[in-house]
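Everything below concerns the one structure shown next.
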Amino acid sequence: MLAVKRPTSSTVLYAVSTRPPATTLSTKAQRLFRGSLRIAVATFILVTLFCKLHTTHLTIRNIVNPFQHTFPDALANAAQWRWLAPISTMFLYLSVRKGYTEESLLVIRGLGVQTSTSSPTYLSTASTRFIPTSSIQDIFLHEAFKDFEVKFYLSIVVENEEDLVVVFPNVFPKRQLLEEVWRGSKACLYEPK
């Protein structure tokens, strides 16, 4: 799914995501439910771990346990650390992991381009890279073989660098979308003469 935003005539943002758009009310409700479930699971796990720490560590025993005689407290008392720690870690990771990838290309005429890839979890920020116009030699549309199929990708040739900068390195959109991004980014990046 490609989203194109043009805040000004000299700026264009191309965003690609593996997340389906929330166009219907049921999709929005489903996202809200999943987000609430993630928060509830993470909170339950953290409360259970606090209860387990409260029963096993002397320094924490002085703190009053507000969750005493609740289900997380009973679970913490019954479970051993060798089971509770890995299972809690797994469920905490699953509750903060994103199930999709978002990548974008921001083109600003006269300044350069910025590539961005979302992080795999909600706890970390996206990785971005800015390339000034003076360092950009050209933008190419390439094809490559990956697992018995042809993948198309957009790349930027940067001056004094051996490797190409791949614009959407994880999503690999279809060729038609990449052609639109390629034409639009070249038109926006370089002023008409």
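The values are calculated or read from the model by the stated rules, or taken from the named source; none is laboratory data. Note that this is a predicted model, so its numbers are computed, not measured. Ideal geometry is used to build each Cβ from the backbone, glycine not excepted, and the neighbour counts take in all protein chains shown.
Could you give every pair whose Cβ atoms fall below 8 Å, whose first residue belongs to region 148-164 and is farther than 20 Å from Leu106 by Cβ and touching a residue at least 12 places away in the same chain (Cβ under 8 Å), and whose second residue is of a type in the set (Phe, Trp, Tyr) and loosely packed, with under 12 Cβ neighbours inside 10 Å, counting only separations of at least 6 or pairs across chains?
Here the result reads Lys151/Phe145, each pair linking region 148-164 to a residue that is of a type in the set (Phe, Trp, Tyr) and loosely packed, with under 12 Cβ neighbours inside 10 Å.
Does Val12 satisfy the condition of being in contact (Cβ under 8 Å) with a residue 24 or more places away in the chain, under 30 Å from Phe130 (Cβ atoms) and among the aliphatic types (A, V, I, L, M)? Reasoning before the result, please.
Details: in contact (Cβ under 8 Å) with a residue 24 or more places away in the chain: yes; under 30 Å from Phe130 (Cβ atoms): yes; among the aliphatic types (A, V, I, L, M): yes.
When the stated conditions are applied, Val12 passes them.
Do you know which residues across region 2-57 are in contact with a strand residue (DSSP E or B) (Cβ under 6 Å, 6 or more places away or on another chain) and surrounded by 13 or more Cβ atoms within 10 Å (Cβ to Cβ)?
Scanning region 2-57 gives Leu2, Thr11, Val12, Leu13, Tyr14, Ala15, Val16, Ser17.
Could you list, in sequence order, the residues of region 17-44 that are assigned to a strand (DSSP E or B) and modelled with pLDDT of 95 or more?
Step one: filter region 17-44 for residues assigned to a strand (DSSP E or B), giving 17.
Result: no residue meets the conditions.
With Glu159, Glu180, Glu149 as the choices, which residue is modelled with pLDDT of 90 or more, over 24 Å from the mean Cα position of the chain (by Cα) and surrounded by fewer than 16 Cβ atoms within 10 Å (Cβ to Cβ)?
Numbers: Glu180 fails: over 24 Å from the mean Cα position of the chain (by Cα); Glu149 fails: modelled with pLDDT of 90 or more.
On inspection, the qualifying residue turns out to be Glu159.
On the basis of being assigned to a loop (DSSP other than H, G, I, E, B), surrounded by 13 or more Cβ atoms within 10 Å (Cβ to Cβ) and either in contact with a Pro (Cβ under 9 Å, 6 or more places away or on another chain) or of a type in the set (A, V, I, L, M) (or both), does Val171 make the cut? Break it down stepwise before answering.
Details: assigned to a loop (DSSP other than H, G, I, E, B): yes; surrounded by 13 or more Cβ atoms within 10 Å (Cβ to Cβ): yes; either in contact with a Pro (Cβ under 9 Å, 6 or more places away or on another chain) or of a type in the set (A, V, I, L, M) (or both): yes.
Here the answer is yes, as Val171 does meet what is asked.
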